[in-house]
Amino acid sequence: MGQGIDLIYTRALTTEDATQVAKLGYKALHETGLFGVDYDETHFYTYIKRSLVSPYWQGSIGLYHNETLIGFAFLFVNQAPWAPKKNIANLQYFYIEPKYQTNDNIVRLFDELETFCRSKNIESLRISNRNIDDNSLLNLGFNIEEKIYAKEYEI
């Protein structure tokens, strides 16, 4: 009997992937320190499932090792309010499991994002450095466009 094929690949995420995305997203929240005491599992799963069918999130891509989801990128696609023909995308969520965080896998996922952007005539892909390291972005050909500041309020 021959050896099985060991394959790492990307593909568009669908609603059938919602459970795997939620499980990996939960892990990502813990590892990135974003997990809070107000976590609501049902809302999180529902949000992911709705996102996977929304026309604004159609650039959501999974990174797979054989049939197992090992990473994902969620693009939010819209138009500039003042220029409805200018399509822009924001990388909202990006995560690859630590043991798979290699340059090849990061490039593989970003290549697929860029292929999607070009196929949809998206003029700009915006990424926060909270999603991926600045140096990695610069190495992938991104330019620093602006800094975004946030102030959080106690509620």
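Of note:
- At an R0 of 25 angstrom, the distance between the Cβ atoms of V107 and E16 translates into a FRET efficiency of 0.40.
- Taking only alpha carbon atoms, the range 1-131 gives an Rg to Rh ratio of 0.99, where Rh is the Kirkwood radius.
- Highest to lowest packing among 49-62, 5-18, scored as the average C-beta count within 10 Å: 49-62, 5-18
- Among the listed pairs K27/K49; K27/K86; K23/K120; K23/K86; K49/K85, a Cα-Cα separation exceeding 23 Å is found for K27/K86; K23/K120; K23/K86; K49/K85.
- Per-pair calculated FRET efficiency, R0 = 35 Å: D38 and E145 via Cβ, rounded to 0.05: 0.65
- Within the range 103-126, backbone nitrogen closer than 19 Å to the virtual label 7 Å beyond the Cα of N87 toward Cβ: 110-126
- Projected label points at T68 and R118, each 7 Å from Cα along the beta carbon direction, are separated by 3.2 nanometres.
Computed from the coordinates by the stated procedures, all read-outs in this text should not be read as laboratory data. None of the values given here were measured: they were computed from a predicted structure. Reconstructed Cβ throughout: ideal geometry from the backbone, glycine too, with neighbour counts over all protein chains shown.
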